Amino acid sequence: MTQATIYHNPRCSKSRKTLQILQDQGISIHEIRYLETPPTRDELGALCQAMAIEPQQLIRTGESLFKELGLSITDPKSRIEWLSILVDNPKLIERPIVRVCEQVVIGRPPEKVLSIL
C-alpha cells in the first residue's frame, strides 16, 4: 500500500481537501501537524530539495507574521537562514506538503497531489 506523509494544518481548507483526496485514494497517511510538530531544518531542506525549490518559495508571504518579522523574499539570506526562519516560524510554511516515496508536492491546488500517486 502506498504511504504518504502530509505536513498538515487542519484549520486550512486546502490542507483538509488534500488530506481527503489522499483518503479517497486509499492511501496510508502519516499526518504531521506541522504547527504543533515543526519539521527540522534538515527535513525542510530535504523537502525543498525534493521539490527542486529554494526555501523562499515555501514561504507564505501573505501571512502577517512575514511582515511583522520585517522579511522580504529578496532579502540576501542564505538557504540555511531561510530554513531556520521557517523552522522557527512554522506558520510561514506553505501548506500542505505531501511526500510519497521520494516525490514531494505542495497541495495547491489540492488536486496537485494526484501527480505523485
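Just a few scattered comments:
- Percent antiparallel among DSSP beta bridges (both partners in the chain, rounded to 5): 60 percent
- The chain - percent of accessible surface contributed by carbon and sulfur, probe 1.4 Å: 47 percent
- Of the GluC sites (Glu not before Pro) found in the range 53-117, the ones in coil according to DSSP and having at most 16 other Cβ atoms within 10 Å of their Cβ are Glu63, Glu102.
- In Hz, Karplus ³J(HN,Hα) per residue of the range 7-12 (6.51, -1.76, 1.60; θ = phi - 60°; x = Gly, Pro): 8, 10, 10, x, 7, 8
- Here the extension length gained between Leu117 and Thr61 equals 17.3 nm, from 0.36 nm per residue of separation less the Cα-Cα distance.
- Each Lys or Arg adds one and each Asp or Glu subtracts one; over the other residues with Cβ under 12 Å from the Cβ of Arg108, this totals +3.
- Scoring 27-37, 82-92 by mean Cβ neighbours within 10 Å over their residues and listing the highest first yields 82-92, 27-37.
- Percentage relative contact order, the chain, counting C-alpha pairs under 8 Å, at least six apart: 36 percent
- Heavy-atom accessible area per residue - the chain, 1.4 Å, Å²: 55 Å²
- Only lysine pairs 8 or more places apart, or on different chains, with alpha-carbon atoms under 15 angstrom apart are counted in the chain, and they number 4.
- When the surface is traced with a 1.4 Å probe over the full set of protein chains, Thr74 keeps roughly 120 Å² accessible.
- Environment charge at Leu35 (Cβ cut-off 11 Å; Lys +1, Arg +1, Asp -1, Glu -1): +3
- Rounded Å value of the spacing that divides the Cα centres of the range 57-117 and the range 10-37: 16 Å
- In the chain, the DSSP-assigned H stretches of four residues or longer account for a calculated mean residue ellipticity at 222 nm of -9500 deg cm²/dmol, using -39500 (n - 2.57) per stretch and the full residue count as denominator.
The values are calculated or read from the model by the stated rules, or taken from the named source; none is laboratory data. Predicted model only: the values in this text are computed from it and were never measured. Please note: Cβ atoms are built from the backbone with ideal geometry, for glycine as well, and neighbour counts cover all protein chains shown. Areas reflect the complete protein model, heavy atoms only, side chains present, ligands, DNA and RNA absent. Shrake-Rupley method; radii C 1.70, N 1.55, O 1.52, S 1.80 Å.
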